[in-house]
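Data first, discussion second: the structure below is written as structure tokens.
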Amino acid sequence: MRRLMAETELAPAAALALLCGSTAAVVVWKWLGKRHIQKKMEEARRMRDEGVKKMAKAVQEFREQVPSDKTDAILSLPLLELSGRLQEGSLSPRTVLYTYIQKALEVTQQTNCVQCFIPECEEQLQEIEKQREKGLLYGIPVSIKDHIGHEGHLSTCGLVKFLGIPEKEDSVLVKVLKKQGAIPFAKTNVPQSLFNYDCSNLIFGQTLNPLNHQKTPGGSSGGEGALIAGGGSLLGIGSDIGGSIRLPCSFCGLCGLKPTAKRLSLSGISGPVDGIVSVLCALGPMARDVDSLALCMKALLCEEMFRLDPTVPPIPFNEEVYSSSAPLRIGYYDTDGYFPLPPCMQRAVHETREALQAAGHELVLFSPLHIHHVMTELFLKTFFADGGRAWLDVFTGNIVDPSLKPQVNFCRIPRLGKKMLALILKPLFPRMADYLNALCGMRSVKEMWDHQHQIEVYRSEFIAQWKELQLDVMLCPVLGPAFTIGFPGKLLSAISSTMLYNVLNFPAGVVPVSTVTEADEEELKLYRGCCDDLWDRMLKQAVEGAVGLPVAVQCVALPWQEELCLRFMKEVETLSRAKRAV
């Protein structure tokens, strides 16, 4: 009996000791896990820094062999003129490559825009120097976004889970660039998981806008935007699934095109979550002018791409459409009714409309339908169909960049909590309530099928409205000017102006037409947005202090009409430049 009593008395103590031991083991395990993650990130940064040093040494050795005072002259050449000089032989690919690497080293030191340099660019240089036939991009240095595959290099998407897994071969797009004589020389930084229009991750850090270091370059192709705007590249390839080419171009004063999805091959492109088909990613060019975008598209839409990826429609670039000067019938609007943009962005649309009318084009007022529904029910539910679980799973070790925490925290609220919070907020903050409901996702396959059908129905309705007005193209606003760092993660719904054309899968491009004025800043003080709610006040804060920064417009065409979209962009660019030159 005494023994039994003693054992009974010892049992709680043993249980407590076991519990303490288990807790300690869990704590140690988590600590070891985080330490392992930290080491992987440190190794990635070390490799990047070594790559920078190697490139700096290669540039120095080249300069010792070939001293040149033509650096500024080369960097100032537009792509078409530089291409002409390379084709005729008055400039060598070697000189151009090292000139741009030197400038890129300077720009990334200031803005942290390069994820890694590609030392194999020297092998590609040697390869094109042997070729008898010169491709359309012969000798042109090209930068590519982080997740576009290049053999031997990481496609991280800003995530720890992809560290230590170099690509085994080039993506189709990189293969075609090389076939056309281009020299990929750098991969550029992105936000963690790509699902943000800031540009920061915990591996490689925050990328800054070269025009104002307090501002973000946008995202998710933010590294491209910063590198090109800083002068370290003159042609880059980005990707766009909600505005990820167009927003950096708007924030950094560049031209960019989001083509119809699958007009350019997506083979060899990494993503944080695979299998999303309702709203597709598109690859596209970013550059300083529209002619550069057109040359890039012309080079990529070739037999080599159609051969390497038979899923790409074999539609070569239509030069006749791009070169046309026939008057256009242009739809336009300055707000989508869901997230009214700052006064300077609406001014840009009005001034561009007036310039187009004066140039002989016909302008027709257009009212986009049901954008509130499109943003929450069609766009957000596509990516959070499972309540955000697949997206949350990509954050290895629960390590989340501060810029992304507002979005992640909303996703982590249990479904019932989101529903109850949405119910409470509905009378006071209806947009937030609908946002929370969208994050709840879908509960059945039938609901998902219905959702996909709704997208198809909306697309048909939009095209019918377009055709009823007999439009050729559309002029509309784009989010801007550049946000102060940290705000994009708090304002995901502000991308309604760009996400619309991802849902519709229309080609859409951005062209800078003006800059923010003191008068714009004064008018911003009166901005009330849609509801004068928290989001509207936050948007106002995000864009304050932007005097002198670029202001852009968005140009849109129907699916598979990239050449017409580019032709319209060229017209807008020509008119805006003429106005600024006066």
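Miscellaneous remarks
- Tyr197 passes every criterion in (1) open to solvent by 10 Å² or more (accessible area, probe 1.4 Å); (2) within 24 Å of Val510 (Cα to Cα) apart from (1).
- Residues satisfying the stated conditions in segment 197-226, i.e. out of contact with any Pro (no Cβ under 6 Å at 6 or more places or on another chain), of a type in the set (S, T, N, Q) and not in a strand (DSSP E or B): Gln214, Thr216
- For the residues Ala433, Ala438, Ala422, the requirement of being in contact with a helix residue (DSSP H, G or I) (Cβ under 9 Å, 6 or more places away or on another chain), at pLDDT 95 or above and more than 13 Å from Ser493 (Cα to Cα) singles out Ala422.
- Members of segment 376-402 found to be of a type in the set (Val, Ile, Thr), at pLDDT 95 or above and either within 15 Å of Arg415 (Cα to Cα) or open to solvent by 20 Å² or more (accessible area, probe 1.4 Å) (or both), listed by number: none
- Selected residue (only one of Ile118, Ile128 is open to solvent by less than 20 Å² (accessible area, probe 1.4 Å), in contact with a His (Cβ under 9 Å, 6 or more places away or on another chain) and of a type outside the set (S, T, N, Q)): Ile118
- Odd one out for Val516, checked against (1) of a type in the set (A, V, I, L, M, F, W, C); (2) more than 26 Å from Phe379 (Cβ to Cβ); (3) in contact with a strand residue (DSSP E or B) (Cβ under 8 Å, 6 or more places away or on another chain); (4) open to solvent by 10 Å² or more (accessible area, probe 1.4 Å): (4)
- The numbered conditions (1) aliphatic (A, V, I, L, M); (2) in a helix (DSSP H, G or I); (3) open to solvent by 20 Å² or more (accessible area, probe 1.4 Å) are all true for Ala299 except (3).
- Scanning segment 374-397 turns up one or more residues that are farther than 29 Å from Gln452 by Cβ and out of contact with any Cys (no Cβ under 6 Å at 6 or more places or on another chain).
- Of all the listed residues (Asp274, Asp336), the sole one being charged (D, E, K, R) and crowded, with 18+ Cβ neighbours inside 10 Å is Asp336.
- Candidate set: segment 523-567, residues that are over 22 Å from the mean Cα position of the chain (by Cα) and within 26 Å of Ile330 (Cβ to Cβ); chosen: the one most open to solvent (accessible area, probe 1.4 Å): Glu523
- Within the option set Leu105, Leu136, being among the hydrophobic types (A, V, I, L, M, F, W, C) and open to solvent by 60 Å² or more (accessible area, probe 1.4 Å) holds for one residue only, Leu136.
The values are calculated or read from the model by the stated rules, or taken from the named source; none is laboratory data. Since the model is a prediction, treat every value here as computed from it, not as a measurement. Positions of Cβ are backbone-derived with ideal geometry, glycine not excepted, and every protein chain shown enters the neighbour counts. Note: areas computed on protein heavy atoms with side chains; ligands, DNA, RNA excluded. Shrake-Rupley method; radii C 1.70, N 1.55, O 1.52, S 1.80 Å.
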